[in-house]
Amino acid sequence: MFEQQLFNGLTLGLIYALIAVGYTMVYGVIELINFAHGEVYMLGAFLCITFIQALGVPLFPAMVLAMACCAGIGVLIDQIAYKPLRKAPRLAALITAIGVSIFLQNIAMIIWGSRPVPFTRSAVPAAFSETAFTLGSVNVSGLQVFIYALTIAMMIGLTLIINKTRIGTAMRALAQNATAAALMGINVNRVISFTFALGSGLGAVAGILVGMYYNTLSATMGYNAGVKAFAAAVLGGIGSVPGAMLGGVVLGVAETLGAGYVSSQYRDGLGYAVMIAVILLRPSGLLGKSVGQKA
Amino acid sequence: MLSLTGVNTYYGSIHALKGVTLTVNQGEIVTLIGANGAGKTTTLMSISGVTVPRQGTVEFLGEDITKLSTEKIVARGITQVPEGRMIFPRLTVRENLLMGAYLRNDKDNVKADEEHVYELFPKLLERSKQHGGTLSGGEQQMLAIGRALMARPKVLLLDEPSLGLAPIVVENIFEIIQRINRDGVTILLVEQNAQMALQVAHRGYVLETGQVTLEGPAKDLLEDPKVRSAYLGLD
Ligand SMILES: Nc1ncnc2c1ncn2[C@@H]1O[C@H](COP(=O)(O)OP(=O)(O)OP(=O)(O)O)[C@@H](O)[C@H]1O
Ligand SMILES: [Mg+2]
């Protein structure tokens, strides 16, 4: 029982982590909580089933397409809504982000309706819903294997991009000192676009995985997931990519165990309780740099 | 090579530069001295396109670069070592240097230039895997200069490289600045340490509340009674 709960919690946590890195990376480069990130995650799921249903694209290519579209949407959101506010007070950008979030939610309702819809069952390999293997008392489904493999591979890939490539290093440089980054000849706006594309692509994948895992999609699904992933990013230390990964996993596990042992009604509340406890004890988050030490 | 003509730069309603005109010729070390708040940093930032002048022009190699973006200005060969060094604290020393070469694609030459920086500043080689933020003030200044050299600049803008450093480190930094200049890099040096700056520079400008009030060969400025009392603390 405990092991199964823990395993399910980890599955959910990895997905939260995939969304949370999007919040934390954008915060790192422009100090903005991109509230529209949850909606990009939602659009990823809907675009994926639309490609499957309307165009007959198989699942995996549909996922790649949805990811690419969301990367583009993320860049557009930044260019249209946030870029004009780069030098404005951060509160203006924050309010704009909330506006973009509501706008996208409504667009989704117009296109796909306001009722939840199931994921396209026929497109999902049969092996996903069967038990792939049993580990002690834990049953692992094919979909869970897929989620583990994909999320972990993506996080390794992301870590390599951030730490080993020129543009990844530029992202870190920009987060540490924007003026100095510009003085190095770094095209700051291009790096910001790259950050949005990366985070949005990963968010889209998370949306698709959740859609498959719970077999339901809705125009409002981005709200809850967004708030959770944001909490995970804060929990890990906003601005820290490994922190967001860890925060997502911790939150997913805490929530699932809480729901299993206390009451599933407290599921969301328990996740936040963990976040609040961490913030009270360690305001900079699990892996964040201590407060006021930006430079 | 580099010239500012009637440059006016504002921060919102604050008029920081009130018609600054100055020239830097190829191969020179030119120094810009002045008190706190005179507008020295703003002058360099106006050249680098970080603060864009509202009036006046910045010309480089005969072309108007006033309104160009910072990365285009860097690409043309003007690199700045900013005030306070602004190294990237959580990038390694080596990564800091490579960011200096961000716009370059000639890998082999970048490698050679990295070696050259380690030759100029052997301390940086010892610390190449350490985070920039863990270096001492003097080492950070060396890193900031090394990082700027990685761009292979034609003109190097230096903003108070001696700030907060022990006299012996300052001597060392100024020797390196002269060596860089002998290697063919033109230098515009902003300093509050007027004594040192005027000793290494060919020419100098004195900036007061956003205006150039005095200019001439560095030797003459060193003898100038006004400079001696206001900036050298003599007489
Ligand atoms: N970001 C800013 N916002 C508003 N005013 C500014 C800003 N930066 C500089 N100023 C003002 O512009 C004027 C020139 O400042 P600047 O930093 O160029 O002086 P400086 O000569 O470099 O001084 P210091 O020797 O202290 O470095 C000052 O009056 C300063 O208060
Ligand atoms: Mg200054």
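The values are calculated or read from the model by the stated rules, or taken from the named source; none is laboratory data. Source: prediction; values computed, not measured. FYI the Cβ positions are ideal-geometry reconstructions off the backbone, even for glycines, and counts take in every protein chain you see. Just so you know, the surface numbers come from the protein's heavy atoms only, side chains and all, with ligands and any DNA or RNA stripped out. Shrake-Rupley method; radii C 1.70, N 1.55, O 1.52, S 1.80 Å.
Sorted from greatest to least, the principal axis extents spanned by the alpha carbons of the range A:136-295 come out as 54, 36, 36 Å.
When the other protein chains are added to the chain by itself, burial of at least 20 square angstrom of heavy-atom accessible area (probe 1.4 Å, ligands and nucleic acids ignored) affects these residues of the range A:173-200: A:Ala173, A:Gln176, A:Asn177, A:Thr179, A:Ala180, A:Ala182, A:Leu183, A:Met184, A:Gly185, A:Ile186, A:Asn187. With a Förster radius of 45 Å applied to the C-beta separation of A:Ile80 and B:Arg76, the computed FRET efficiency comes to 0.90. Look at the dipole of the protein assembly as shown built from charges on Cβ: of A:Gly142, B:Ala144, B:Met99, the Cα furthest out on the positive end belongs to A:Gly142. Averaged over its residues, the range B:147-229 has an accessible area of 43 Å² per residue, based on protein heavy atoms and a 1.4 Å probe.
With the simple spin-label model, which puts each label point 7 Å out from Cα in the Cβ direction, the A:Phe2 to A:Leu280 separation comes to 2.5 nm. Heavy atoms of chains A and B lose about 2000 Å² of accessible surface on contact, summed over both sides with a 1.4 Å probe.
Rounded to 0.05, the FRET efficiency of the B:Ser229 and A:Arg166 pair, given R0 = 51 Å and the Cβ-Cβ distance, is 0.50.
When you have a sec, figure out the Kirkwood radius of the range A:12-222 from all distinct Cα pair distances and drop it here in Å to one decimal? Roughly 17.9 Å, rounded to one decimal. Label positions at B:Arg179 and A:Arg190, each projected 7 Å from the Cα along the C-beta direction, are separated by 3.3 nm. Comparing chain B with the 2.2 N^0.38 Å rule of thumb, its C-alpha radius of gyration ratio is 0.98 (two decimals).
Simple point charges give the picture: +1 on the Cβ of Lys and Arg, -1 on the Cβ of Asp and Glu, and for chain B a dipole about the Cα centre of about 560 debye.
Temperature 4 °C, viscosity 1.567 mPa s: under these conditions the Stokes-Einstein estimate for the protein assembly as shown, based on its Kirkwood radius over C-alpha pairs, is 51 µm² per second. The A:Lys87 and B:Asn36 beta-carbon pair, evaluated with R₀ = 22 Å, returns a calculated FRET efficiency of approximately 0.30.
Taking the 1.4 Å solvent-accessible surface of the protein assembly as shown as the whole, the part contributed by carbon and sulfur is 61%. Separation of the range B:84-137 and the range B:156-235, taken as the distance between their Cα centroids, equals 26 angstrom.
Think of each Lys and Arg Cβ as +1 and each Asp and Glu Cβ as -1; about the Cα centre, that makes the dipole of chain A roughly 820 debye.
For the range A:222-295 versus the range A:1-55, the spacing of their alpha-carbon centroids is 14 Å. Note on chain A: with a GNM built from Cα contacts shorter than 10 Å, the maximum mean-square fluctuation among A:Ala225, A:Ala68, A:Ala182 falls on A:Ala182.
About its Cα centre, the dipole of the protein assembly as shown is roughly 860 debye, where the only charges are +1 on Lys and Arg Cβ and -1 on Asp and Glu Cβ.
Rolling a 1.4 Å probe over the protein heavy atoms gives the range A:12-222 an accessible area of 39 Å² per residue.
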